[in-house]
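The values are calculated or read from the model by the stated rules, or taken from the named source; none is laboratory data. Since this is a predicted model, take the numbers as computed values, not measurements. FYI the Cβ positions are ideal-geometry reconstructions off the backbone, even for glycines, and counts take in every protein chain you see.
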Ligand code: BGC
């Protein structure tokens, strides 16, 4: 992309950043992930531990986001804290999350709430998780319980990346996001998640201002010459099934980072000479524009919210390069008439990347011993974009 160029976004376009409870809060001890991290012979590289201690430091995190100029904070409620044992709900945890919403409002930040971001209460996972025959009813009961704290909330995501959840059998088989190793999803889980999503959206209609949807992990699939049908066959159960189910929702969340080439035998590994991110993915900023165009078509013109996009790198200037190019691609998709409501960067904070703290996606880092927040130049850069509505390279 031409770094001299500037891109003006609509005045009502919303700029912000995303996080997820298990990845930043710390000590999520009632969850399936915590159990997995501490199991004997675990396949997990390191446990989440205190993570970024955002359970205690959320006010500072929201203040830092607000002071940069960003206007939306997407975070998740942790079901494992709210319902730590089957049918036993915690009022105190509910009030904790209500406080987070209040703090957002105090700082002029619009909250976007994710009801479930990958992790499950351990009791629910032990009963079969999304394979439990009445799993949707349990999820709907949890959503009913949290409804009162959402009374003035507009933006709600039911599930984060249900397609990744289905691929990883609801979390029990790990979340290795390197596209070349994605297993086939379990159709029973995929269908259950659609049912649970619809039930949850139905419960949420009790909220006066709500706009609800779910967010999809988009891979920017690319067919090798002559492999178009193999690509479709690979893509449909892993992505499009879920995107189709979003048609008619208030919005669909696009989460794009990488592209995946599909050949005769499925995904083609990333070539050695290609620049890679700390997650091992190809450095490929156009993924966002491609994903947005594809989602717009498959979800039949459902409004899009970019709910995640970012780069795992220790080089913050590369994060800015990546995001600049991704936003240029997004801008061009919007010029074609695609309705995109906002852009949320992944992630506000360096976080627990499902097994390791090494891939750092944050606009804000933190000291490993004191948890002192260490904002990076990319935060200031994105905050200025939010204030001006214009994307330019520094
Ligand atoms: C997930 C996040 C994850 C990020 C980067 C998304 O798939 O929603 O939880 O940290 O991508 O891998």
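Any residue in segment 322-331 that is surrounded by fewer than 23 Cβ atoms within 10 Å (Cβ to Cβ) and in a loop (DSSP other than H, G, I, E, B)? The answer is no, given that none of the residues of segment 322-331 is surrounded by fewer than 23 Cβ atoms within 10 Å (Cβ to Cβ) and in a loop (DSSP other than H, G, I, E, B).
Residues in segment 198-245 that are part of a helix (DSSP H, G or I), in contact (Cβ under 8 Å) with a residue 24 or more places away in the chain and under 13 Å from residue 266 (Cα atoms): 230, 231, 234, 235, 238. Considering only segment 339-364, state which residues are closer than 12 Å to residue 53 by Cα, assigned to a loop (DSSP other than H, G, I, E, B) and either in contact with a strand residue (DSSP E or B) (Cβ under 9 Å, 6 or more places away or on another chain) or more than 11 Å from the ligand (Cβ to nearest atom) (or both). Listed by number, the list holds a single entry, 350.
Residues of segment 28-46 being in contact with a helix residue (DSSP H, G or I) (Cβ under 7 Å, 6 or more places away or on another chain) and more than 16 Å from the ligand (Cβ to nearest atom), which ones?
30, 35, 42
Within segment 291-300, does at least one residue satisfy the condition of being in contact with a strand residue (DSSP E or B) (Cβ under 7 Å, 6 or more places away or on another chain), in a loop (DSSP other than H, G, I, E, B) and more than 14 Å from the ligand (Cβ to nearest atom)? Looking for residues that are in contact with a strand residue (DSSP E or B) (Cβ under 7 Å, 6 or more places away or on another chain), in a loop (DSSP other than H, G, I, E, B) and more than 14 Å from the ligand (Cβ to nearest atom), one finds at least one in segment 291-300, hence yes.
Only a single item in (1) farther than 27 Å from residue 325 by Cα; (2) within 16 Å of the ligand (Cβ to nearest atom); (3) touching a helix residue (DSSP H, G or I) at 6+ places or on another chain (Cβ under 6 Å) is not met by residue 73, and it is number (1). Close contacts from segment 358-377, counting a first residue that is more than 22 Å from residue 394 (Cβ to Cβ) and touching a residue at least 60 places away in the same chain (Cβ under 8 Å) and a second that is in a loop (DSSP other than H, G, I, E, B) and within 14 Å of the ligand (Cβ to nearest atom), with Cβ to Cβ under 6 Å and a gap of 6+ residues or different chains, come to 359/278; 359/279; 359/312; 359/353; 366/52. Look at residue 20 and say whether it is over 17 Å from residue 122 (Cα atoms), touching a helix residue (DSSP H, G or I) at 6+ places or on another chain (Cβ under 6 Å) and within 16 Å of the ligand (Cβ to nearest atom). No, not satisfied.
Have a look at 237, 267, 285, 303 and point out the one that is away from the ligand (no atom under 16 Å from the Cβ) and out of contact with any strand residue (DSSP E or B) (no Cβ under 7 Å at 6 or more places or on another chain).
237
As an exercise: evaluate residue 313 against (1) in contact with a helix residue (DSSP H, G or I) (Cβ under 7 Å, 6 or more places away or on another chain); (2) part of a loop (DSSP other than H, G, I, E, B); (3) within 29 Å of residue 188 (Cα to Cα); (4) at pLDDT 95 or above and give the number of the one condition it does not meet. Of everything listed in (1) in contact with a helix residue (DSSP H, G or I) (Cβ under 7 Å, 6 or more places away or on another chain); (2) part of a loop (DSSP other than H, G, I, E, B); (3) within 29 Å of residue 188 (Cα to Cα); (4) at pLDDT 95 or above, residue 313 misses just condition (3). Taken as a whole, the structure leaves residue 168 outside the set of residues that are within 16 Å of the ligand (Cβ to nearest atom), modelled with pLDDT of 95 or more and either over 18 Å from residue 210 (Cβ atoms) or touching a helix residue (DSSP H, G or I) at 6+ places or on another chain (Cβ under 9 Å) (or both). I'd like to verify a number: residues in segment 365-394 that are within 14 Å of residue 320 (Cβ to Cβ) and in a strand (DSSP E or B), how many? Residues flagged as within 14 Å of residue 320 (Cβ to Cβ) and in a strand (DSSP E or B) within segment 365-394 amount to 2.
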